[in-house]
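> Dropping the structure in here first, questions after.
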Amino acid sequence: MYNTINTNQLNQAGQYVLSDVVLVSYQSSGGRNEPKKISIRSLVTEINIYESLKSNVLSGNIVVTDAQNIPNHLPLTGFEQIEFKLFTPAETGHPMHVYKISDRQGLNPRTQIYALHFTSKEMIRNEQVRVSRAFEDTSDNSILSIVRKELDSNKTLTIEETKGVHKYVMPRIRPFESINTLA
């Protein structure tokens, strides 16, 4: 999916290319080990992505106008992923996790509109684990250790190098809170 995007067609600010939008279920299809996948690219009405200096993760929502009744074919329970590639001259893509469906309204007897809210895997992981250990290293190495071990992330990071070895004890707090403390 990601290698089919032609990046040469982006030549000014505000332009983007949105690849196929695929909703991936946690359930397998037909007894196989592959999860159920449904392309919802043609159903997407609106896509919003939120990024902030005060937030540690990307999040967003996709507004879907659905005449296929996807929630019945692919149960939406909060374990699904949304795979898409939104390419701008500066962005890349990673699968996002659906955590909420909201604003579900019937437009007519066969069509409904709703919003699928998503966030990165690291945010889900942040809610599941705690950091409960001591660090005696530079702050940048401690942060990298938290991202790799507690958040289980292998994404490319840009971390400014810090000087001086510091001692920190994280008393069973969430990984993002630990990272913000070290920062």
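> Write out the GluC sites (Glu not before Pro) in the stretch 89-167 meeting two conditions: DSSP loop, and at most 11 other Cβ atoms within 10 Å of their Cβ.
Sites meeting the loop and neighbour criteria: E160, E161.
> Do the alpha carbons of any pairs in K85/K155; K54/K163; K54/K149; K121/K167; K36/K121; K36/K155 sit beyond 27 Å of each other, and which pairs?
In this structure, K121/K167 lie more than 27 Å apart at Cα.
> Counting other C-beta atoms within 10 Å, and keeping those with at most 16, which DSSP coil chymotrypsin sites (Phe, Trp or Tyr not before Pro) do you find in the stretch 62-170?
Within the stretch 62-170, the qualifying chymotrypsin sites (Phe, Trp or Tyr not before Pro) (loop, at most 16 other Cβ atoms within 10 Å) are F79.
> Would you work out what percent of the accessible area of the chain, with all protein chains in place, is carbon or sulfur (probe 1.4 Å)?
47
> Rounded to the nearest 500, what is the 222 nm mean residue ellipticity of the chain from helices alone, with -39500 (n - 2.57) per DSSP H run of 4+ residues and division by all residues?
Theoretical 222 nm ellipticity from helices: -4500 deg cm²/dmol.
> Of the listed values [x] 7, 19, 13, 9, 7, 6, 6, 7, 7, 8, 7, 3, 0; [y] 8, 29, 29, 22, 10, 2, 0; [z] 10, 34, 38, 15, 3, 0, grab the one calculated as P(r) over Cα pairs in 10 Å bins from 0, in percent from the structure here.
[y]
> Let me ask another. Can you give the charge dipole size of the chain about its Cα centre, rounded to the nearest 20 debye, using +1 on the beta carbon of Lys and Arg and -1 on the beta carbon of Asp and Glu?
For the chain, the charge dipole is close to 440 debye.
> Taking trypsin sites (Lys or Arg not before Pro) that fall in a DSSP loop and have at most 10 other Cβ atoms within 10 Å as cut points, what is the longest piece of the chain between them?
It works out to 55-109.
> Could you give the accessible area per residue of the stretch 42-183, probe 1.4 Å, as a whole number in Å²?
61
The values are calculated or read from the model by the stated rules, or taken from the named source; none is laboratory data. Remember, it's a predicted structure, so these values are computed and weren't measured experimentally. Please note: Cβ atoms are built from the backbone with ideal geometry, for glycine as well, and neighbour counts cover all protein chains shown. Keep in mind that these areas ignore ligands, DNA and RNA; they rest on the heavy atoms of the full protein, side chains included. Shrake-Rupley method; radii C 1.70, N 1.55, O 1.52, S 1.80 Å.
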